[in-house]
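The values are calculated or read from the model by the stated rules, or taken from the named source; none is laboratory data. Keep in mind the model is a prediction, meaning the values are calculated, not measured. Reconstructed Cβ throughout: ideal geometry from the backbone, glycine too, with neighbour counts over all protein chains shown. Just the protein is used for accessible areas: all its heavy atoms, side chains included, with ligands, DNA and RNA removed. Shrake-Rupley method; radii C 1.70, N 1.55, O 1.52, S 1.80 Å.
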Amino acid sequence: MIYLDNAATSFPKPEETINAVLHFLTETGGNPGRGGHPLAIDAARVVFETRERLTKFINGKDSERLIFTQNGTESLNVAILGLLEAGDHVVTTGLEHNSVMRPLDFLMKTRNVKVSIAGCSSNGELNIESLKKSIKKKTKAVIVNHGSNVIGAVQSLKAVREAAGDKILIVDACQTIGNIPVDVQREDIDIVCFSCHKALFGIQGLGAIYMREGIDVLPLRFGGTGSNSEFTRQPDALPDKYESGTPNTPAIAALSGGLTFIEKTGADEIRKKKRTLTKRIVKGLRAITGVHIYGEPERDDQLPIILVNIEGCQPSDVGYECNRAGICVRVGLHCSPLAHKTIGTFPAGAIRISPGYFTGERETDRLIEVFSTFAER
């Protein structure tokens, strides 16, 4: 099996990730904050230490403002549903994932929230002038996909921040975290949302949101936190305010292992290998007549994502042939119909190829061979 769907989730996981979650499941196993016995205390330590490390990874100031969630989608829902009120205006872009667009659609219908969409080119580049023109006096927030899960284009957060001015900036970093440096202080990000099972090498079921000091949103969930249990009101202290219910501590332990792998291997080295593999695939595909590559995946400032179609072929048919050859790619709309409309691949979608650190050159060559054979038919 050749796995080229790392934009969905990274696979295989490094030994550090596997060992960390295995150790938790076999040696720790307690419920953090739900007891004073050694196993509960050990579990709480895993959560605390991983929160500290992840905050440092994004250069956050205060680890208590880093909230663990179920996934990147929940993080974005916390930010969007918790921040926007009746009659608010928000600006987003033509490349957003449904984890942004569906909450906004809900708020348009239930809270009369107004939404403006800044234009993007078919290559996935945000039009900064369009963004500036979309911002109004009453605009409350600007929501930007830092790196597209569809076409791999990465936006300049510096340019976005300058255009947004004093508006609250919410960044979807689900694809860029671990692939592109994300620095909440340098980029002046108010809220950053991301998942932890992609380029951070964690396992599925964990996301995070970091909110700068001064930002306060309504919680999405209410309930037990292991703190202030004598009161029925939700705690105001962070991170408990937003972390009701038993956390996914095995996934938090796995994230700690993923961060260890990144530290040992070097983030730059990981990025370099992914870029090399991406360029190798693009070079091979460009030599095949009938293969259309969207965007500019060879650029060093892009994500390791290649979006393609074969002339005269449905993406689903190409995906079927890849399955038969034992190659895992993703076809369709990638939960981002708005992005595909921007790119020009709606409604059929396209084939997304996303190599990872553990992808081998022979595997990329096999992919090119399969595409070449299919295109010749």
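The shape of segment 59-200 comes out rounded: with a ≥ b ≥ c from the C-alpha gyration tensor, a/c is under 1.5.
Solvent-accessible surface of the chain, taken per residue with a 1.4 Å probe and all protein chains present: 44 Å².
If R0 is 30 Å, the Cβ-Cβ spacing of residue 348 and residue 268 corresponds to a FRET efficiency of close to 0.20.
Excluding same-chain residues fewer than 8 positions from residue 137, which aspartates and glutamates have a Cα within less than 14 Å of its Cα? Within the straight-line limit of under 14 Å, residue 137 reaches these aspartates and glutamates: 88, 166. If you wrap the Cα atoms of segment 219-298 in a convex hull and average its projected area over all directions, you get 9.3 nm².
Estimated at 0.36 nm per residue, the fully extended path between residue 19 and residue 45 surpasses their Cα-Cα distance by 7.7 nm.
A crude spin-label estimate for the pair residue 213 and residue 56, with each label 7 Å from Cα along the Cβ direction, gives 2.0 nm.
Pairs from the list 272/341; 56/264; 109/198; 133/158; 114/341; 138/158 with a Cα-Cα gap above 24 Å: 272/341; 109/198.
Return the FRET efficiency for the residue pair residue 228, residue 341: r is the Cβ-Cβ distance, R0 is 41 Å, and the value is rounded to the nearest 0.05. That pair, residue 228 with residue 341, gives E of 0.30.
Evaluated at q = 0.20, 0.28 Å⁻¹, a Debye calculation over the C-alpha positions of segment 189-265 (equal weights, vacuum) places log10 I(q)/I(0) at -0.98, -1.23. Spin-label model, residue 85 to residue 365: label points 7 Å out along the Cα-to-beta-carbon direction sit 6.2 nm apart.
On full extension, the segment bounded by residue 300 and residue 138 gains 54.6 nm, given 0.36 nm per residue less the C-alpha separation. The gain in end-to-end length when the residue 112 to residue 237 segment is fully stretched comes to 41.9 nm, 0.36 nm per residue minus the alpha carbon separation.
Which part of segment 117-139 falls in the paramagnetic zone of residue 186, meaning amide N under 15 Å from the point 7 Å along Cα-to-beta-carbon? Counting only backbone N, you get no residues.
Computed from Cα atoms, the angle from the helix 249-265 axis to the main principal axis of the chain rounds to 60 degrees. Binning the alpha carbon pair distances of segment 332-377 at 10 angstrom intervals from zero yields the distribution 24, 32, 39, 5, expressed in whole percent.
Rounded to two decimals, the Cα radius of gyration of the chain over 2.2 N^0.38 Å is 1.01. Against the criterion of solvent-accessible heavy-atom surface with a 1.4 angstrom probe, 158, 114, 137 sort, most first, into 137, 158, 114.
Need one number: % antiparallel among DSSP beta bridges in segment 162-299, to the nearest 5. Restricted to segment 162-299, the bridges split so that about 55 percent are antiparallel.
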